[in-house]
1. Take peptides 75-84, 39-48, 19-28 and line them up by average Cβ neighbours within 10 Å, highest first, as a rough protection proxy.
2. Write down Rg/Rh for segment 32-110, rounded to two decimals, with Rg from the C-alpha atoms and Rh from the Kirkwood relation over Cα pairs.
Amino acid sequence: MAATVTTRLLDAEASAHLAWVDVAKGICILLVVMMHSTLGTGAAMGGEGFLHAVVAFATPFRIPAFFLLSGLFLGRVIDRDWRRYADLRVVHFAYFYSLWVVIQSAAKYG
């Protein structure tokens, strides 16, 4: 009985831990998207808006924070079989990257 309660508490702590990491990584991603959209729009329109100050504030930490948060779970990934890692990380990303290149090239070059 005590082991079951302890296991449930540990599971709850682990899911809460993952939640705050996911939220923090999401904020970092939003800051990068905000930077690209703000700088692109500002260059096209020849001006600066209020988001330029937010982008300037977030410049020193948005990417390093994302990689730091991603590195928290490196131990889980390193212990896996390399074939499983290649299948989950490399092959899937290569497939979607290739698909996006085809779509973008078709849209750009007709």
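No value in this document is a laboratory result; all are computed from the given coordinates. All values derive from a computational prediction rather than experimental measurement. Positions of Cβ are backbone-derived with ideal geometry, glycine not excepted, and every protein chain shown enters the neighbour counts.
1. Taking the mean over residues of other Cβ atoms within 10 Å, the ranking is 19-28, 39-48, 75-84.
2. Result: Rg/Rh = 1.14.
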